[in-house]
1. List, please: which pairs have Cβ atoms under 6 Å, are six or more places apart or on different chains, and start with a residue in the stretch 416-434 that is within 10 Å of Trp370 (Cβ to Cβ) and end with one that is assigned to a helix (DSSP H, G or I) and hydrophobic (A, V, I, L, M, F, W, C)?
2. Out of Lys322, Lys316, I need the residue that is at pLDDT 95 or above, under 29 Å from Arg15 (Cβ atoms), out of contact with any strand residue (DSSP E or B) (no Cβ under 6 Å at 6 or more places or on another chain) and of a type in the set (Lys, Arg). Which one?
3. In the set Asp126, Asp77, Asp113, Asp108, which member is of a type in the set (Asp, Glu), open to solvent by 10 Å² or more (accessible area, probe 1.4 Å) and modelled with pLDDT of 95 or more?
4. Name the residue that is modelled with the highest pLDDT, counting only residues in the stretch 275-294 that are farther than 14 Å from Leu331 by Cβ and crowded, with 22+ Cβ neighbours inside 10 Å.
5. Given the options Ala452, Ala422, Ala433, Ala439, name the one that is within 30 Å of Tyr170 (Cα to Cα) and touching a Leu at 6+ places or on another chain (Cβ under 9 Å).
6. From (1) touching a Gly at 6+ places or on another chain (Cβ under 6 Å); (2) at pLDDT 95 or above, pick out the condition that doesn't hold for Thr156.
7. Taking interchain pairs and intrachain pairs at least six residues apart, which have beta carbon atoms under 7 angstrom, with the first residue in the stretch 311-327 and touching a residue at least 12 places away in the same chain (Cβ under 8 Å) and under 19 Å from Met237 (Cα atoms) and the second in a helix (DSSP H, G or I) and acidic (Asp, Glu)?
8. From (1) at pLDDT below 95; (2) open to solvent by 20 Å² or more (accessible area, probe 1.4 Å); (3) within 26 Å of Leu154 (Cβ to Cβ), pick out the condition that doesn't hold for Ala362.
Amino acid sequence: MWGGRFAEGPSAIMREINASIPFDKALWRQDIAASKAHVAMLGAQGIVSDEDAEAIGNGLDRVAEEYARDGVPEDWDLEDIHMTTESRLAELIGPVAGRLHTARSRNDQVATDFRLWVRNAIDEVDAGLVALQRALVARADEHAASIMPGFTHLQTAQPVTLGHHLMAYYEMIRRDRSRFADARKRLNESPLGSAALAGTGFDIDREATATALGFDRPAANSLDAVSDRDFALDYLMAASQCALHLSRLAEEFIIWASQPFGFVRLPDSLSTGSSIMPQKKNPDAAELVRGHAGRVIGCATALMITMKGLPLAYSKDMQDDKPPVFEATGLLALSIAAMTGMVADSEFRTERMRQAAELGYATATDLADWLVREADIPFREAHHITGAAVKRAEADGVALDQLPLEVLQEIDARIDEHVYRALSVDASVASRASYGGTAPDQVRMQVARAKAQLSEDE
């Protein structure tokens, strides 16, 4: 490839450090597609003859068939997927293959291929996230009225419904999908035709190649087009945020599946056992999702560090842009699939959840609110009275709604028998009927809205 300039070939060390074919062979479909679009444009513009353009296009189809059947060969002397494809094309159709690289560089070639790959990855991630949303919505619908403790600081706070809790993750995933969609919009500009960095003197049609490859438009600046990796960083940042949400959901299942909680039985298909303790059922899939989040975030950090000091335009450091993106994509896909299966197939122990809500003084705020509404007591005073009631219930080993009326009236004489309407977990949940609240009717409304959104997305 460089024979006219160099008297000697690269050393073994240079050959190994320079080769990217072990990982960028993943771009072969995108490389073939971009090459076919480029040569078709060259033919339409009269830059190469129609006969040569047809021969190159047909040859690329044959190369693609070989790759699909046999895989991409790894010849480190050819360095990357671009030279590997061009070399095989030359073996198949002869010297005319050399016309394919007219008016382009490996710089705009790889930038185009990589954008196409990331765009496809976004579409696949979105499909996986839709499946997760559907699982969350289905289980939320099933458990719109199933009561559980809501937590702050992992301490029992107020009763909520399991459906409300699951719909919180639906909202997180909805935002994740919007971030991926925004990243897709920004990346959908074609670098092809920018050549090495300055554009080309050939009369090319960049609008034609952009359209052929499904881009919205050609990139406006050739220097930026070949050196930009914002699209990869956008993708990794969205992936990091998504992995963070999946990790939080995984942590919920890990806690809920522990014996002290006992809120859920995980599916056998996503659990493992112990080599020494036969009673164990370990939430390993959820733990690995939690661990994968750190690796995905690490991938984003790695690419940011790579790009932070690079002047325009292309530098060889940018060859290291693809491994973190490829790694993060694989990890994220596994994490989404694991959590989708876990949500869909876990058995929620709703009686245990309800019992935990009843025993945790979760209706204390309802007592304070009742004192404000019915006894016209300032909230801060009501808060103090309620704290005393909780302290007494804890000392007596009973729930708030099991404290006798005379005991409550010892704490404050303004409390009457109507207070018990507010102290059950059912009454507490039902009263939280503000928009977005945990009341079963509100949960069902949000489930219906989510189902409509997902149907529109189809």
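1. Val419/Trp370; Arg421/Ala427; Ala422/Trp370; Leu423/Leu400
2. On the way: Lys316 fails: at pLDDT 95 or above.
Going through Lys322, Lys316 in turn, the sole match is Lys322.
3. Numbers: Asp77 fails: modelled with pLDDT of 95 or more; Asp113 fails: open to solvent by 10 Å² or more (accessible area, probe 1.4 Å); Asp108 fails: open to solvent by 10 Å² or more (accessible area, probe 1.4 Å).
Just a single option satisfies the conditions, and that option is Asp126.
4. Looking at residues that are farther than 14 Å from Leu331 by Cβ and crowded, with 22+ Cβ neighbours inside 10 Å, I get Ala286.
5. Working: Ala452 fails: touching a Leu at 6+ places or on another chain (Cβ under 9 Å); Ala433 fails: touching a Leu at 6+ places or on another chain (Cβ under 9 Å); Ala439 fails: touching a Leu at 6+ places or on another chain (Cβ under 9 Å).
It is Ala422.
6. The one condition Thr156 does not meet is (2).
7. Lys322/Asp24
8. Every condition holds for Ala362 apart from (2).
The values are calculated or read from the model by the stated rules, or taken from the named source; none is laboratory data. Predicted, not measured: the structure shown is a model, and the values here were computed from it. Every residue, glycine as well, gets a Cβ built from its backbone with ideal geometry; the counts of neighbours run over all protein chains shown. Each accessible area value is taken on the protein alone, full model and side chains, heavy atoms only, with ligands, DNA and RNA left out. Shrake-Rupley method; radii C 1.70, N 1.55, O 1.52, S 1.80 Å.
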